[in-house]
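Chemist: Pasting in a structure now, in structure tokens, and then I'll have a few things to ask.
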Protein chains: 2
Amino acid sequence: MQESTLKTPGYSDETTKRQGNVYDANCPTRQLLDRIGDKWSVLILLLLGEHDMRFNELKKRIGGISQKMLSQTLRSLERDGLVCRHVIPTRPILVSYAITPLARELLSSLGGMMIWAETHMKEVRSAQERFDRNS
Amino acid sequence: MQESTLKTPGYSDETTKRQGNVYDANCPTRQLLDRIGDKWSVLILLLLGEHDMRFNELKKRIGGISQKMLSQTLRSLERDGLVCRHVIPTRPILVSYAITPLARELLSSLGGMMIWAETHMKEVRSAQERFDRNS
DNA sequence: CAGCATCCATGACGATACTG
DNA sequence: CAGTATCGTCATGGATGCTG
């Protein structure tokens, strides 16, 4: 994604229709990997899966995120229909973010991933050390 | 990760022990997201989940990957203990890659993700178009 | 066949400052 | 509080050419 625009770089109708082949460079499902791939989307979705949250709440809970990246990522997720933005017109304004039903389906796989990480990261680390010793 | 080294940038013993908090910037599980995050790891793991494959076989099946990225990603995956490299000493040499049991556990979550993508990408695209119209 | 080395562009991301 | 704008950095990854 470019810094200044959110537009999708245009798949042809032909490639858009052809679903299912993840390994095709033009397959729209590659977009999912791009979204999952960015540094923060998964973390945000996971948190919003717990309960709705306001901007600064998210910012506090996610260690190391800048507000630029938080707002940028939230907008991408909103654009994709994965996150819902709700403005509460108080003064000062409050903004609450929620996960959509669409994203909630994705969440179970995402959760599985993180559980795998938490339970197997030790094995990964020792594999890394073994690898580094023999090289 | 740097271009020239695979070394992990050193978490303190204290943070290494503390498992489970993905939202902590120093949590080792962030590594998983980094690995998942790179453009090709998931695709490679998914393919190797089908059956073992040789280098050029992978290259052919994954649209758009360069051999630089393929070999680089394979080495990272091997270092993490997710992929196993096996050299067949013929001439010319053949190299076969396989998934490890450790990675196979991860694969079910990854597979779930891709299925989600393949079934819901249409909704995502229409959400994007809706979003783009109102802005 | 299965890579490694090098060069280079782009874009992801962080830091900082400012606003309704 | 919840952002936007701008600037700079550095890593990601593509292209190309070479090797055992």
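Chemist: Sort all Cα-Cα distances of region B:10-135 into consecutive 5 angstrom bins from zero, then give the percent of pairs in each bin up to the one containing the longest distance.
Modeler: 2, 9, 16, 17, 17, 13, 11, 8, 5, 2, 1, 0, 0
Chemist: Under the 0.36 nm per residue contour assumption, what length would be gained going from the current alpha-carbon distance of A:S108 and A:R54 to full extension?
Modeler: Numbers: separation 54, 0.36 × 54 = 19.44 nm, distance 2.25 nm.
Residue separation times 0.36 nm, minus the Cα-Cα distance, leaves 17.2 nm.
Chemist: Along Cα→Cβ, 7 Å out, is where each label goes; now give me the distance between the ones at A:N21 and B:D34 in nm to one decimal.
Modeler: Placing both labels 7 Å beyond Cα along the Cβ direction yields 3.4 nm.
Chemist: Just tell me how shielded B:79-86 is by partners: mean number of partner chain Cβ atoms within 10 Å of each residue's Cβ, no decimals. Provide the component values of the computation, followed by the final result.
Modeler: Numbers: counts 8, 8, 9, 4, 0, 0, 0, 0.
That works out to 4 on average.
Chemist: A further question on this structure: Taking a probe of 1.4 Å and counting only protein heavy atoms, give the total accessible area buried between chains A and B in Å², rounded to the nearest 100.
Modeler: 5100 Å²
Chemist: Can you find, among B:V83, B:L107, B:S96, the residue sitting farthest towards the positive end of the charge dipole of region B:71-135, where Lys and Arg contribute +1 and Asp and Glu -1 at Cβ?
Modeler: B:S96
The values are calculated or read from the model by the stated rules, or taken from the named source; none is laboratory data. In this text, all values refer to a predicted model and were calculated from it rather than measured experimentally. As a convention, Cβ positions derive from the backbone with ideal geometry for all residues, glycine included, and neighbour counts pool all protein chains shown. Areas reflect the complete protein model, heavy atoms only, side chains present, ligands, DNA and RNA absent. Shrake-Rupley method; radii C 1.70, N 1.55, O 1.52, S 1.80 Å.
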